[in-house]
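The values are calculated or read from the model by the stated rules, or taken from the named source; none is laboratory data. Note that the coordinates shown come from a computational prediction; the quantities given were computed from them, not determined experimentally. Note that each Cβ is placed from the backbone with ideal geometry, even for glycine, and that neighbours are counted across all protein chains shown.
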Amino acid sequence: MNATILLFHRVNTVRDKLWDPMAPELFEKIIRFVSKNYEVLPLQEICLNKKRHTKKALAITFDDGYRDYLDFALPVLKNYNLPSSMFVVAECVDNNLPTWTYIMDYLFFNTKKLALPPFDYGEACAAFAIYKWNNKEEQISYSKKFKQFLKLVDNERRNAIMQHFMESFDDVAAPCNLMMTWDDLRTLKNEPVEIGSHTLTHPPLATIDNQVELEKEIRISGEIIQQQLGYFPTTISYPVGSYNKKVKEVAKQAGYKIGLAVDQKLYNSQKQDLFEVPRIELYNDSFIRNKIKIYGIESALKSLIKK
Ligand SMILES: [Zn+2]
């Protein structure tokens with residue numbers, strides 16, 4: 001039996017040119033639609049209990065741990081009496097800073113500097129060893145391309161490059177207070193909200209070869225949640241949906257029961273592996289486009305075209 005697992009990130013009235021949060025009106029429309037047409041259940045019930053559901057089963061999940069979940073998403077969910085899951089990046093909660101992808105966009109968008117000091121980007125990133133741009137447009141287009149590329153680069157290299165950007169664009173203050181704190185997360189204790197791990201630093205896990213690094217991202221992030229919230233999380237959500245066999249194995253060994261991917265398709269609870277549960281990511285798009293995605297039509301069409 002197919003279940004639908006939705007993935008949201010931010011819901012906010014503030015428009016953000018870098019990465020637009022979903023408008024609260026659209027979020028409410030989607031939630032109203034799914035509450036009418038689906039049986040919205042806790043993720044763990046869909047994945048671990050596998051009981052037969054009367055209506056189509058659907059779970060609502062959020063990645064990254066942005067604070068606007070508390071301000072705009074949770075009140076709507078409470079209104080409809082619906083459960084949800086939130087996956088937090090342990091270091092982002094600790095530092096009250098967003099993920100590296102957000103920080104990279106933020107720095108390039110807000111800096112007045114059109115040049116960087118020389119830096120060794122390494123062989124893998126040699127094509128991006130650019131130190132000067134003629135205008136803001138060129139600079140932003142560079143950062144967008146480089147950000148996509150950095151998702152595939154190893155953790156150590158990416159951290160060094162991010163450090164270099166943060167030190168060089170010192171005219172931009174860090175985007176603080178966008179994330180939930182541990183205290184915020186503790187206030188959710190009595191709500192039907194599952195808190196899970198979204199790793200320690202939000203790297204694409206499949207790019208990490210080093211076992212120690214992988215353990216750190218997967219197991220240590222769960223242990224930090226355990227220290228802060230009192231339990232080891234049941235679920236881990238892989239950043240940018242990146243996983244492989246090794247990632248799944250480390251997650252299982254660490255004690256998780258569910259591993260969440262993105263993959264933009266419906267989840268078949270009878271056939272699919274619990275460590276590669278697909279989700280359908282929704283954006284601040286039209287309601288119709290989101291509805292087509294929720295039905296799984298878009299992904300079905302795409303896989304037909306591929307065949
Ligand atoms: Zn994420």
Just checking, how many residues over the stretch 184-212 are buried (at least 18 other Cβ atoms within 10 Å of the Cβ) and among the acidic types (Asp, Glu)?
-> 1
When GLU217 is evaluated against the numbered criteria (1) crowded, with 19+ Cβ neighbours inside 10 Å; (2) acidic (Asp, Glu); (3) more than 16 Å from the ligand (Cβ to nearest atom), which criterion, by number, is the only one it fails?
-> (3)
Residue, farthest from LEU185 (Cα to Cα), within the stretch 227-260, restricted to residues that are assigned to a helix (DSSP H, G or I) and within 16 Å of the ligand (Cβ to nearest atom) = VAL247
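Condition check ((1) in contact (Cβ under 8 Å) with a residue 60 or more places away in the chain; (2) touching a strand residue (DSSP E or B) at 6+ places or on another chain (Cβ under 8 Å); (3) within 16 Å of the ligand (Cβ to nearest atom); (4) part of a helix (DSSP H, G or I)) across all residues:
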{"position": "PHE119", "(1), (2), (3), (4)": "no, no, no, no"}
{"position": "CYS125", "(1), (2), (3), (4)": "no, no, no, yes"}
{"position": "PHE149", "(1), (2), (3), (4)": "no, no, no, yes"}
{"position": "ARG158", "(1), (2), (3), (4)": "no, no, yes, yes"}
Going by the structure shown, is ASP16 under 20 Å from the mean Cα position of the chain (by Cα), acidic (Asp, Glu) and within 29 Å of LEU274 (Cβ to Cβ)?
-> no
PRO192: passes all of (1) farther than 23 Å from LEU7 by Cα; (2) in contact (Cβ under 8 Å) with a residue 40 or more places away in the chain but (1)
List the pairs whose first member sits in the stretch 60-72 and is in the same structural domain as THR201 (by TED's automatic domain parsing), whose second member is of a type in the set (Phe, Trp, Tyr) and more than 10 Å from the ligand (Cβ to nearest atom), and whose Cβ atoms are under 7 Å apart, counting only residues at least 6 apart or on separate chains?
-> PHE62/PHE8; PHE62/TYR69; PHE72/PHE27
A careful count of residues in the stretch 201-214 that are away from the ligand (no atom under 15 Å from the Cβ) and within 18 Å of the chain's Cα centre (by Cα) gives 2
Give the residue that is surrounded by the fewest Cβ atoms within 10 Å (Cβ to Cβ), with candidates limited to residues of the stretch 135-183 that are closer than 25 Å to GLY196 by Cα and among the polar types (S, T, N, Q).
-> ASN177
Scanning the stretch 221-248 for residues that are closer than 26 Å to GLN148 by Cα and over 16 Å from the mean Cα position of the chain (by Cα), the one surrounded by the fewest Cβ atoms within 10 Å (Cβ to Cβ) turns out to be LYS245
Top-ranked residue in the stretch 91-111 [being surrounded by fewer than 17 Cβ atoms within 10 Å (Cβ to Cβ) and part of a helix (DSSP H, G or I); ranked as farthest from the ligand (Cβ to nearest atom)] = ASN110
Boolean, GLU276 is assigned by TED's automatic domain parsing to the domain that holds VAL11 and in contact with a His (Cβ under 9 Å, 6 or more places away or on another chain) = no
Consider LYS265 carefully, then state whether it is of a type outside the set (Ser, Thr, Tyr), more than 16 Å from the ligand (Cβ to nearest atom) and modelled with pLDDT of 95 or more.
-> no
